[in-house]
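Take a look at the structure set out below.
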Amino acid sequence: MKRFFRALFVAAAVATAACGPCERTVVLLSTNDIHANILRFPQLAAAVGACRDTADLVVLLDAGDRWTGEAYVDRAPVPGMPVVALMNRLGYDAATLGNHEFDHGQAFLGRMIDSMEFAVVCANVVSDTCTFPQLPPYAVVERGGLKIGVVGVVTNYEGPGHPAGKRSSFEGLEFPDPQQAAIRWAEALRPEVDLLVLVSHMGDDRDAELLAREGRYDVVIGGHTHELRDTVVNGTLLTQTGKKLANVGVTKIRMRGKKVAGIDYELVPLDAYAPDAEFQRQVDGYFADPVLSEPAGTFARTADKAGLANWMASSLAADAKADIGIYHIGGVRLDGIDAGDVTKGRIYNLEPFGTLIATMRMTPAQLRGMILTKYNEQTREGHRIDLIATVPYTVVTDAQDRAVDVLFPTLREGKKYRIAITDYVFTNYDGLAYDDGVVTKRAVADVLLERLKSGGPVEPDNRPLQGTVVAETVRP
């Protein structure tokens, strides 16, 4: 499966012949948001091998979120190690951090970084702890006498002030503004290198904001938002490959001497490649866990993401004997589950975080305050229905999409209801007002597995119970 790269470098050879012998092509191969999907690694290995067979100057980079999403990786004896071992074997050159690198805590991540045989760079993480090493802001990769500077940054917008995740994972660390860090290191590094690349895990929207201000990068390899991006912003190429190794990014940079003569980008689907046999054997070994392959239960019909969120919220309520169950939509990590048998591994993929159930008592006024605050956040989790509940509600917004009220048609004002919610919401959402709040020892994934086993086939309800309405349309 080398046709793509052969065609690519035939074209490059024609350009070289036309422009003189000093023109060469550097190829940046990039991934982002792998999320433990090592099932696609054999195809990635085949694509990378085909490129290296055809081109001399190849650099392999990753823009973060390497684990969390596949039970055979996340529940390995050392969680996340299968993807690290595969990346080491494939010969990645450099990578930055994503928010999910911190899912098992910073001490764990510090140990994992010691296992990574590629440079891990992040210009906007500051550590004064002994459990997490201070990372370099950049690395310089040399190919054929060319110096390629690679700067890394990670989001701090969703925390706020740190990447998305449990606050306890970031204690003792600081995450200065990633855009300011990227600007600072572009200024410092640009005179020292021939090519300057930003490997960013702050999202394509934030990358575009940066590029509107900063023009010294040649390429931005992005991640975090799971988008497909091939855009030029203020003269700089901005890329992103989606998620879960569906694609590999191929950035071709033509160099005339040590000056950039042109840049092209191609998003290459990995399903076009036959798996590399050696990597396939390694991946098959990771998937040999018989426990995760056991059937856990059955879905009577296909559940979409709304149906899964409804099922998870109702499962929390049933287990905690609560009046209302609430689930954070960002914690629903699958877009759907097909009708039929479901394995244990599939449920752990749906809820890979080890989330616990929390309980508390709240009035409709307190619920309203929680929902309004979350909706009005100036983050990616704001201005959307973020909290999926077992009771219907409607967010009332003004013309600027600012939430001004929440209507609960089935609740009685002033009454205190027992609420079952996730510990992520309980410990991370600001301004919660409640009584008798406690985090239980009940893991959400275990509750889902128990319900699958004992409750018969799941009949998912795919109808959303929540919605929004503009204030002018609400009758008095």
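The values are calculated or read from the model by the stated rules, or taken from the named source; none is laboratory data. As the structure is a computational prediction, the values presented were derived from the model and not from experiment. Glycine also receives a Cβ, built like all others from the backbone with ideal geometry; neighbour counts cover every protein chain displayed.
Observations, loosely collected:
- Unmet requirement for ALA322, which otherwise passes all of (1) under 23 Å from the mean Cα position of the chain (by Cα); (2) assigned to a loop (DSSP other than H, G, I, E, B); (3) more than 27 Å from SER293 (Cβ to Cβ): (1)
- Options LYS415, LYS453, LYS441; residue that is of a type in the set (Lys, Arg) and touching a Pro at 6+ places or on another chain (Cβ under 8 Å): LYS415
- Flag for GLY64 being surrounded by 22 or more Cβ atoms within 10 Å (Cβ to Cβ), without any contact (Cβ under 8 Å) to a residue 60 or more places away in the chain and either in contact with a Gly (Cβ under 8 Å, 6 or more places away or on another chain) or not aromatic (Phe, Trp, Tyr) (or both): no
- Test: residue in segment 22-38 that is at pLDDT below 95, assigned by TED's automatic domain parsing to the domain that holds VAL220 and in contact with a strand residue (DSSP E or B) (Cβ under 8 Å, 6 or more places away or on another chain): yes
- Subset of segment 337-366 [among the aliphatic types (A, V, I, L, M) and over 18 Å from VAL439 (Cα atoms)]: ILE337, ALA339, VAL342, ILE347, LEU350, ALA365
- Lone qualifier among ALA296, ALA274, ALA309 - being surrounded by fewer than 19 Cβ atoms within 10 Å (Cβ to Cβ) and either in a helix (DSSP H, G or I) or in contact with a helix residue (DSSP H, G or I) (Cβ under 9 Å, 6 or more places away or on another chain) (or both): ALA274
- Residue check, SER315 of a type in the set (S, T, N, Q), assigned to a loop (DSSP other than H, G, I, E, B) and under 20 Å from ASN349 (Cβ atoms): no
- Unmet requirement for PHE118, which otherwise passes all of (1) over 18 Å from VAL27 (Cβ atoms); (2) buried (at least 19 other Cβ atoms within 10 Å of the Cβ): (1)
- Number of the exception - ARG346 against (1) touching a helix residue (DSSP H, G or I) at 6+ places or on another chain (Cβ under 9 Å); (2) outside any strand (DSSP E or B); (3) surrounded by 22 or more Cβ atoms within 10 Å (Cβ to Cβ): (3)
- Restricting attention to segment 255-271 and to residues that are of a type in the set (D, E, K, R) and under 31 Å from the mean Cα position of the chain (by Cα), the residue that is surrounded by the fewest Cβ atoms within 10 Å (Cβ to Cβ) turns out to be ASP271.
- Segment 224-254 - residue that is touching a helix residue (DSSP H, G or I) at 6+ places or on another chain (Cβ under 9 Å) and of a type in the set (Gly, Ala, Ser) and, of those, surrounded by the fewest Cβ atoms within 10 Å (Cβ to Cβ): GLY235
- Test: residue in segment 142-164 that is acidic (Asp, Glu), over 19 Å from MET255 (Cα atoms), touching a residue at least 24 places away in the same chain (Cβ under 8 Å) and crowded, with 19+ Cβ neighbours inside 10 Å: yes
- Taking segment 387-430 as the range and being at pLDDT 95 or above, closer than 30 Å to MET202 by Cβ and of a type in the set (Asp, Glu) as the test, the residues that pass are ASP398, ASP401, ASP423.
- VAL193 being touching a residue at least 40 places away in the same chain (Cβ under 8 Å) and aliphatic (A, V, I, L, M): yes
- Residue match in segment 153-162 (condition: at positive phi and in the same structural domain as ARG256 (by TED's automatic domain parsing)): yes
- Scanning segment 288-311 for residues that are under 30 Å from ALA45 (Cβ atoms) and either of a type in the set (S, T, N, Q) or within 22 Å of the chain's Cα centre (by Cα) (or both) gives a single hit, SER293.
- Helices (runs of 4 or more DSSP H) completely within segment 45-124 that count 1 or more residues being among the hydroxyl-bearing types (Ser, Thr, Tyr) and farther than 22 Å from VAL250 by Cα: 71-74, 106-115
- Residue among GLY49, GLY91 that alone is surrounded by fewer than 24 Cβ atoms within 10 Å (Cβ to Cβ) and at positive phi: GLY91
- Positions within segment 189-223 being loosely packed, with under 15 Cβ neighbours inside 10 Å and either of a type in the set (A, V, I, L, M, F, W, C) or part of a loop (DSSP other than H, G, I, E, B) (or both), in sequence order: ALA212, GLY215
- Looking only at segment 153-175, and only at residues there that are closer than 25 Å to VAL219 by Cβ and not in a loop (DSSP other than H, G, I, E, B), the one that is nearest to the chain's Cα centre (by Cα): VAL154
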